[in-house]
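Asker: Below is a structure I'd like to ask you about.
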Amino acid sequence: MGEILVGTCSWTDRALVGSGWYPPGRRDAEGRLRHYAEQFPVVEVDASYYALPSERNSLLWAERTPDGFVFDVKAFSLLTGHPTREAVMPGGLPPDPRDPAVLDEVWARFVAAIEPLRRAGRLGSVLFQFPPWFRPGQRAEAFLGECAERTRGWPVAVEFRHPAWWEPGRAEATCALLARYGMAAVAVDMTQTLPSSVPPATPVTSPRLAVVRFHGRSTAWGTGSKEDRFRYAYGEDELAEWLPRVRRLAERAEQVHVLFNNCCGDAAVCAAETMTRLLDGDLPTAAPTLPRARSAPSSPPSPGPPPTPARSSSSSTSREGAG
């Protein structure tokens, strides 16, 4: 049985900081991360999507967390084909993913920035969340192949936002594609009432890792503001629906990361705390020594050697401070 790690997507989200979840005396950058790591064994770095992370922050994160705590780092927007603001590009580079020189430089900076986490055994995965217009096809498969080449040896998780990837008749090919590159499929929980809704498929495509991300079930997912999209408080019955699915994932993967992205106020941490309690109570009585879902692992899945950023041979289309 693999280990189940429960956490949230960000620990410095402004709404969480303002909710009062962090106790007095633990509200500075260092205190927040240390407090969070005392409650949960995994967190997603969401801000690395909006701007390239820094090596200094990675060093601080590793220093401020205990052995076994892991960070899932979200890939920078330019690396997943999302629009990227010129203001966050390094060294005055244009936000042009079709320029091989730009891609090489951004990849090199991204790899260098998260290397301290990998070196310290704190890198849980690199999360590639692809946009809704990233649909199945030859171009998408070629893009995935390039991502795999540049991250060879590192734990990688992939979330598709286009529902066609997991439609009946296509899901098997999607699983085979991710398995070919050793990438973990990300299962999602979201409202199922929209044309863009991604079904809650739970395949295992990597023996090292499986990931579940809970986005909330707001019907404003495709149209509302950030607060509208993620304003959702999970009920215990809704989380309980996922217990057998999560446990089945843990039967096939070394680690399962269960991450709550309903980051509005303290909704995500409350859901993570509830899920942890439910998973603890769901442990089979025949195996009382099984690790608690909340406990940090003795060691994360082996991340392998650092990747060497590959030079581009062709063009491609395509929330965190120090605490």
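The values are calculated or read from the model by the stated rules, or taken from the named source; none is laboratory data. Quantities reported herein were computed from a predicted structural model and do not represent experimental measurements. Counting neighbours? That spans all protein chains shown, and the Cβs are built from the backbone with ideal geometry, glycine included. Side chains are part of the model used for accessible areas, which takes the heavy atoms of the whole protein and leaves out ligands, DNA and RNA. Shrake-Rupley method; radii C 1.70, N 1.55, O 1.52, S 1.80 Å.
Asker: With a cut-off of 18 Å, note down the residues of region 182-225 whose backbone N falls inside the zone around a label point 7 Å from the Cα of GLU172 toward its beta carbon.
Answerer: Output list for this probe position: 201-205.
Asker: Here's another thing I want to ask about it. Around LEU209, which amide H atoms from residues at least 5 apart in sequence, or from another chain, sit under 5 Å from its own amide H, with H modelled in the peptide plane?
Answerer: Result for LEU209 returns GLU254, GLN255.
Asker: Need one word for the chain: rounded, prolate or oblate. Basis is the Cα gyration tensor (sqrt eigenvalues a ≥ b ≥ c); a/c below 1.5 gives rounded, then a/b vs b/c decides.
Answerer: rounded
Asker: Report ³J(HN,Hα) in whole Hz for each residue of region 157-173, in order, from the Karplus equation J = 6.51 cos²θ - 1.76 cosθ + 1.60 where θ = phi - 60°; Gly and Pro get x.
Answerer: Along region 157-173, the couplings run 10, 10, 10, 9, 9, 8, x, 4, 4, 10, 6, x, x, 10, 4, 4, 5 Hz.
Asker: Say each of GLU251 and TYR50 gets a label point 7 Å from the Cα, pointing the same way as Cα to Cβ; how far apart are those two points in nm?
Answerer: With each label placed 7 Å out from Cα toward Cβ, I get 4.1 nm.
Asker: Given a 1.4 angstrom probe, what's the average accessible area per residue across region 1-158, in square angstrom?
Answerer: Normalised by residue count, the accessible surface of region 1-158 is 38 Å².
Asker: Compute the length gained on full extension between GLU236 and ALA108: take 0.36 nm times their separation in residues and subtract their Cα-Cα distance, giving the result in nm to one decimal.
Answerer: Between GLU236 and ALA108, full extension yields an extra 41.8 nm.
Asker: Let me check I've understood the local charge: for TRP154, count other residues with C-beta under 11 angstrom from its C-beta, Lys and Arg +1, Asp and Glu -1. What total comes out?
Answerer: My count for the surroundings of TRP154 gives +3.
Asker: Here's a follow-up. Quick one: if you stick a label point 7 Å off each Cα along the C-beta vector at ARG180 and ALA87, how many nm between them?
Answerer: Between ARG180 and ALA87, the simple spin-label model gives 4.1 nm.
Asker: Just subtract the alpha-carbon distance of GLU63 and THR219 from 0.36 nm times their residue separation and send over the number in nm, one decimal.
Answerer: This chain segment gains 52.2 nm when fully extended.
Asker: With unit charges on the beta carbons (Lys and Arg positive, Asp and Glu negative) and the dipole taken about the Cα centre of the chain, which residue among THR191, LEU78, PRO203 sits farthest to the positive side?
Answerer: Final value for the positive-end residue is LEU78.
Asker: Please list, in chain and number order, the residues 5+ apart from ILE4 or on another chain whose amide H is under 5 Å from its amide H, with Hs placed from the backbone.
Answerer: HN-HN under 5 Å from ILE4: VAL256.
Asker: Quick one: Karplus J couplings for region 237-254, per residue in order, coefficients 6.51, -1.76, 1.60, θ = phi - 60°, nearest Hz, x for Gly and Pro?
Answerer: 5, 5, 6, 4, 4, 8, 4, x, 5, 5, 5, 5, 4, 5, 6, 10, 10, 5
Asker: To continue, here is another question. What number, in percent, do you get for the relative contact order of region 154-271 if the mean sequence gap of Cα pairs under 8 Å and at least 6 apart is divided by its residue count?
Answerer: Across region 154-271, relative contact order equals 23 percent.
Asker: If amide H atoms are built 1.01 Å from N in the plane of the peptide, which residues on other chains or at least 5 residues away come under 5 Å of the amide H of GLN129?
Answerer: ALA75, GLU159
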